[in-house]
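The values are calculated or read from the model by the stated rules, or taken from the named source; none is laboratory data. None of the values given here were measured: they were computed from a predicted structure. Cβ sites come from the backbone with ideal geometry, for glycine too, and all protein chains shown count toward neighbours.
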Amino acid sequence: MSQANRITGADGQNSPAGDMSGYLANTPSVGMSPTGSSAERPIRTGPKIFIGGVPYTATEKDVADFFSQFGPVVSAEIKVDKVTGRSRGFGFVVFETAEGKMGAMRRKGELFLHNRQINIGETTADRVFVGGVPPQVSNEAIATHFSKYGPVQDIEGPPNKNYLFVVFTDPS
């Protein structure tokens with residue numbers, strides 16, 4: 001894990017479990033995340049998708065060219081480490097139309113770029129990816145920290161990993 005993704009205080013120490021206050025300067029990376037599978041939730045009609053499992057050798061042009069088979073691509077973005085400038089293996093594609101997105105979503109699980117399977121999913125503002133979370137920071141501390149942005153419904157993520165998803169209550 002790069003130093004840029006660690007929650008550290010002014011003294012250089014990791015945040016103690018249960019307390020994220022005072023660590024906002026080095027908040028973990030936060031981005032939009034895919035929702036659950038299309039069987040769990042209906043596909044939204046917006047033209048943006050999350051892409052994961054992107055080969056580190058792939059460029060944004062490679063990604064845009066690849067996804068253009070489903071429709072015109074407005075933008076393709078690969079997230080990079082702020083310190084090293086290297087790909088973090090995920091990003092986003094925005095299609096010109098929802099039809100382009102739907103074409104890609106219909107091929108979910110079948111997409112390969114540079115001989116590597118690309119995972120795709122929908123983006124939604126009610127489920128946020130948080131990366132670079134030290135294992136000693138509790139879910140309760142995460143929920144407390146993110147509750148200032150809205151009511152937190154759940155904290156999801158695999159055990160013993162340095163990432164999770166914060167699920168906000170849907171106001172509708």
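Are there any pairs with C-beta distances below 9 angstrom linking a residue in segment 127-146 that is more than 29 Å from ILE49 (Cβ to Cβ) to a residue that is of a type in the set (A, V, I, L, M, F, W, C) and part of a strand (DSSP E or B), with the two at least 6 apart or on different chains, and if so which?
GLU140/ILE155; THR144/VAL152
Residues that are surrounded by 17 or more Cβ atoms within 10 Å (Cβ to Cβ) and at pLDDT 90 or above, at least 2 per element: which strands (runs of 3 or more DSSP E) completely within segment 51-154 meet that?
Of the strands (runs of 3 or more DSSP E) lying wholly inside segment 51-154, those with at least 2 residues that are surrounded by 17 or more Cβ atoms within 10 Å (Cβ to Cβ) and at pLDDT 90 or above span 73-80, 87-95.
Please go through segment 66-92 and pick out each residue that is in contact with a helix residue (DSSP H, G or I) (Cβ under 8 Å, 6 or more places away or on another chain) and hydrophobic (A, V, I, L, M, F, W, C).
PHE67, PHE70, VAL73, ALA76, ILE78, VAL83
Out of (1) modelled with pLDDT of 90 or more; (2) among the aliphatic types (A, V, I, L, M); (3) touching an Asp or Glu at 6+ places or on another chain (Cβ under 8 Å), the odd one out for LEU164 is which?
(1)
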